[in-house]
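Below you'll find the structure, written out as structure tokens, and then a few comments.
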Amino acid sequence: MKKAAVLGAGMVGSAIAVDLSGDYDVTAIDVDGEKLQSLKSRFNLNVKQCDVSNSGLLKEIINDYDIVIGAVPGYMGFATLKTIIESGKNVVDISFFEEDPFMLDELAKSNNVTAVVDCGVAPGLSNIVLGMHNSKMELQSFECMVGGLPFKRTLPFQYKVPFSPSDVIEEYIRPARLIENGSLVIKSALSDPELYNVDPVGTLEAFNTDGLRTLLKTMRIPNMKEKTLRYPGHADYINFLKDAGFFGKEEIEVDGKKVKPLDVASKILLTQWKLEPGEKEFTIMIIKIKGKLNGSEKEFTYKLFDTFDEVKGISSMARTTGYSCSSVARLVLNNDFNRKGISPPEFVGSDENCYCKIMDDLKERGIILHQAESLDICD
């Protein structure tokens, strides 16, 4: 049986580990021993306690595995991915780090490594859909709106998160890159707010975030943008904190101690944004793709609405992010996708066989992209 190592035993990493454990010998690796023991007590998994930021120790631990899944916080994602690639291990990563993953392309190729990055729901599943359309059409525009939210709206933030608050804050402060009329445009995160009536939850607000990522390099589409969905009013509170300096990365001195405002804010918001055990939440994603298919103007709209899995106790964001990742990991493990170097999800989605296997895999897990019209490429 092939062996998979999952780095990170948070809500998403745990969902990936549990999902893969039905087909492979899986080990969850994390610095937090309590998380690991809780996971081991509930599921048939191996666990190892390790500080994955220790590159030497990490290389030693992952030596015997066929694939490594990167599910660590974004601030340590790039260095961790580099260590995995240096170890000659195939990898699928969801850490969404700030650095350009293509900086590791030559390293991955020289080590004969297949490395799929940004492999969550968006970026991730959205890229997979776009990759397939790009292989079949002459595209003119791509728009993705996505968000994960609790059903229970609690002021002031009306928001909960299944992963590190620092990763969410990074989305709120990193400038958003868009493509407008063929040119790169940079705007502030949370800019251009728009209200949308989104079934079945009602009115949500969409604002710019830096979600296009690898698409800025891999796609030649005249208009592309990604927006995050939240309940109306959330962005106003975030902008207040941002403008007041609470998300600053420069150290300040407080009672003789140097601290980063961002670190303090992350700790405070962790209590505000933490999902309660069993709390119901949902993930919503809308993808709009326009272009020419066989010479005719066509528009395709995909809608995903997924909710908390009450039977397994897995959050929707963990499901949609984690299962998108584990589906691609299966392709790599089964040699269905074996391109060497750095591969963003749009490269995976451009392969018809891989695309259909991912969609079938997700459908089996109750994650369904609904569309009025499709490319009709899967049986």
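What accessible area per residue comes out for segment 248-350, rounded to a whole number of Å², with a 1.4 Å probe? Walk me through the numbers before you get to the answer.
Numbers: 5010 Å² over 103 residues.
Roughly 49 Å² per residue, with all protein chains present.
Spin-label point model (7 Å from Cα, Cβ direction): what's the L107 to K363 distance in nm?
3.9 nm
Show log10 I(q)/I(0) for segment 174-332 at q = 0.18 Å⁻¹, two decimals, from a solvent-free Debye sum over equal Cα scatterers.
Here log10 of I(q) over I(0) equals -1.41.
Rg and Dmax in Å for segment 1-129, alpha carbons only: what are they?
That works out to 13.7, 41 Å for Rg and Dmax.
For S183 and E250 in the same chain, what is the full-extension length gain: residue separation times 0.36 nm, less their Cα-Cα distance, in nm?
20.9 nm
If R₀ is 25 angstrom, what is the calculated FRET efficiency for the pair N353 and M1, using the beta carbon separation as r and rounding to 0.05?
Working: r = 24 Å, r/R0 = 0.94.
Once rounded, the FRET efficiency stands at 0.60.
If you plug each phi of segment 254-271 into the Karplus form 6.51 cos²θ - 1.76 cosθ + 1.60 with θ = phi - 60°, what whole-Hz ³J(HN,Hα) values come out, in order, with x for Gly and Pro?
10, 6, x, 10, 8, 9, 8, x, 4, 5, 5, 4, 4, 5, 5, 5, 4, 6
Any idea which of I84, Q37, I67 is furthest toward the positive side of the dipole for segment 13-88, if Lys and Arg beta-carbons carry +1 and Asp and Glu beta-carbons -1?
Among I84, Q37, I67, the one farthest towards the positive end of the dipole of segment 13-88 is Q37.
No solvent, one uniform scatterer per C-alpha: report log10 I(q)/I(0) for the chain via the Debye equation at q = 0.07, 0.09, 0.13 1/Å, two decimals.
-0.29, -0.49, -1.09
For the ranges 164-173, 208-217, what's the packing order if you count other beta-carbon atoms within 10 Å of each residue, average per peptide, and put the highest first? Walk me through the numbers before you get to the answer.
Values: 164-173: 19.3, 208-217: 21.1.
The densest-packed peptide leads the list: 208-217, 164-173.
Which trypsin sites (Lys or Arg not before Pro) from segment 235-326 combine a DSSP loop assignment with at most 15 other Cβ atoms within 10 Å?
On the way: sites: K242, K249, K257, K258, K267, K274, K280, K288, K290, K292, K298, K303, K312, R319; in loops: K249, K280, K312.
Answer in residue order: K249, K280, K312.
How large is log10 of I(q)/I(0) for segment 94-252 at q = 0.11 Å⁻¹ when the intensity is taken from the Debye formula with one equal scatterer per alpha-carbon?
So the normalised log intensities are -0.50.
Taking every DSSP beta bridge with both residues inside the chain, roughly what % is antiparallel (nearest 5)? Don't skip to the answer; put the middle values down first.
Values: 46 of 76 bridges.
Antiparallel bridges make up about 60 percent of those DSSP assigns within the chain.
So what does S53 come to for accessible area, using a 1.4 Å probe and Å² rounded to 10?
80 Å²
Relative contact order, percent, of the chain when contacts are C-alpha pairs under 8 Å separated by at least 6 residues?
Values: 788 pairs, mean separation 76.6, N = 379.
Rounded, it is 20 percent for the chain.
So, counting K/R as plus one and D/E as minus one, what does the shell of residues with Cβ under 10 Å around P150 add up to? Let's see the in-between values first.
Numbers: positive: K152, R153, K160, K280; negative: E276, E279, E281.
Charge balance near P150 sits at +1.
Run the accessible area of the chain with a 1.4 Å probe and give the carbon-and-sulfur part as a rounded percent. If you can, show how the numbers build up before the last one.
Working: 8010 of 16860 Å².
Carbon plus sulfur share of accessible area: 47 percent.
Where a Cα-Cα gap under 22 Å defines reach, which lysines qualify for K89, not counting those fewer than 8 residues away within the same chain?
The reachable lysines, counting only those whose Cα sits under 22 Å from K89, are K2, K3, K48, K59, K109, K340.
Can you give the accessible area per residue of segment 78-172, in Å², using a 1.4 Å probe?
That works out to 32 Å² per residue.
Tell me, what HN-Hα J-couplings in whole Hz come from the Karplus equation 6.51 cos²θ - 1.76 cosθ + 1.60 at θ = phi - 60° for each residue of segment 127-143, using x for Gly and Pro?
Result, ordered by residue: 5, 4, 5, 5, x, 5, 5, 5, 7, 10, 9, 9, 8, 10, 7, 9, 9 Hz.
The values are calculated or read from the model by the stated rules, or taken from the named source; none is laboratory data. Please read these numbers as outputs of a predicted model, since none were measured by experiment. Virtual Cβ from ideal backbone geometry, glycine too; neighbours counted across all protein chains shown. Areas reflect the complete protein model, heavy atoms only, side chains present, ligands, DNA and RNA absent. Shrake-Rupley method; radii C 1.70, N 1.55, O 1.52, S 1.80 Å.
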